[in-house]
Amino acid sequence: MYVLSGVTKRYTRGKDTVHALDGVDLTIADGDRLVIQGPTGGGKSTLLQMLGGLDKPSGGSVELDGTDLAGLSEARLTRVRSESIGFVFQSFNLIPTLSAQENVETALVPLGVKAGERRRRAAEALESVGLGERLGHLPAELSGGQQQRVAIARALVKRPKVLLADEPTGNLDESTRDEIMEVLEGLWKEHGLTFVMVTHDSTLARKAPRVATIRKGRITVKENAGA
């Protein structure tokens, strides 16, 4: 479970101070599916970075299972990210010279998983996202939707409890967007993940059980009846 209390994030831009987050209080239960929306520059991605331990707040606490991520050393924070949190980004972030299977395996290297086990788990993860026949393909040999499936497999191969996605369908057409969301939602249900996604797409937001809207660093959360 995430518990955020009084989280602030300030950036200095020239002589100005930007309040990306301004006293955010938020609870995300285990197994929750939350969509974060808001205008550009409103704090959406900053909040996701806090949840992923990719940035630290200027004030307040970001607790994951009772541990304040802001108080951890960088080494310990890296370990938490490696073990417990999977990330999916808009730009895929695949290594162009590695095959789909090898890209997925990279998530297991920091965990000390042996080579044979890495290969087995990567193949299994790719099979779970419908790419069991594309293990040896390079990213350039895959469509955008297939590349995002590789990125999803890479996020989930380490068996995290949290999946954070920043505009995961932003570079995809509408049909492929729907396919990727079907994959993500299916994996969320199958693995009991805590799934938090930033998106500008209101169609996707309407399908989520909860939606958090951030404007000028302030957050409001609503339930979607029937989602």
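If only residues of the range 2-44 that are in contact (Cβ under 8 Å) with a residue 24 or more places away in the chain and among the charged types (D, E, K, R) are counted, the one that is nearest to Leu164 (Cα to Cα) is Arg33. Entry remark, the range 70-128: residues being assigned to a loop (DSSP other than H, G, I, E, B), of a type in the set (A, V, I, L, M, F, W, C) and within 30 Å of Val7 (Cβ to Cβ) number 3 in total. Quick test of your reading of the structure: Glu63 fulfils all but one of (1) surrounded by 18 or more Cβ atoms within 10 Å (Cβ to Cβ); (2) more than 30 Å from Ser128 (Cα to Cα). Name the failing condition by number. Unmet condition: (1).
Within the option set Pro57, Pro39, being farther than 30 Å from Glu182 by Cβ, assigned to a loop (DSSP other than H, G, I, E, B) and out of contact with any Cys (no Cβ under 6 Å at 6 or more places or on another chain) holds for one residue only, Pro57. Scanning the range 42-54 for residues that are outside any helix (DSSP H, G or I) and at pLDDT 90 or above turns up Gly52, Gly53, Leu54. Of all residues in the range 4-39, those being closer than 20 Å to Lys222 by Cα, at pLDDT below 90 and surrounded by fewer than 18 Cβ atoms within 10 Å (Cβ to Cβ) number 1. State whether one or more residues within the range 92-106 are of a type in the set (Gly, Ala, Ser), under 28 Å from Ala140 (Cβ atoms), under 14 Å from the mean Cα position of the chain (by Cα) and surrounded by 13 or more Cβ atoms within 10 Å (Cβ to Cβ). No, the conditions are met nowhere in the range 92-106.
One residue stands out in the range 110-144 among those that are buried (at least 17 other Cβ atoms within 10 Å of the Cβ) and either among the charged types (D, E, K, R) or without any contact (Cβ under 8 Å) to a residue 24 or more places away in the chain (or both): the one that is farthest from Arg76 (Cα to Cα), namely Arg134. Scan the range 1-46 for residues that are under 25 Å from Gly186 (Cβ atoms) and hydrophobic (A, V, I, L, M, F, W, C) and the total you get is 6. Selection of the range 1-33 for residues being hydrophobic (A, V, I, L, M, F, W, C), part of a strand (DSSP E or B) and out of contact with any Pro (no Cβ under 6 Å at 6 or more places or on another chain) yields Val3, Leu4, Val18, Ala20, Leu21, Val24, Leu26, Ile28.
The values are calculated or read from the model by the stated rules, or taken from the named source; none is laboratory data. Computed from a predicted model, the values in this text were never measured in an experiment. Quick reminder, even Gly has a Cβ in these numbers, built from the backbone with ideal geometry, and neighbours come from all protein chains shown.
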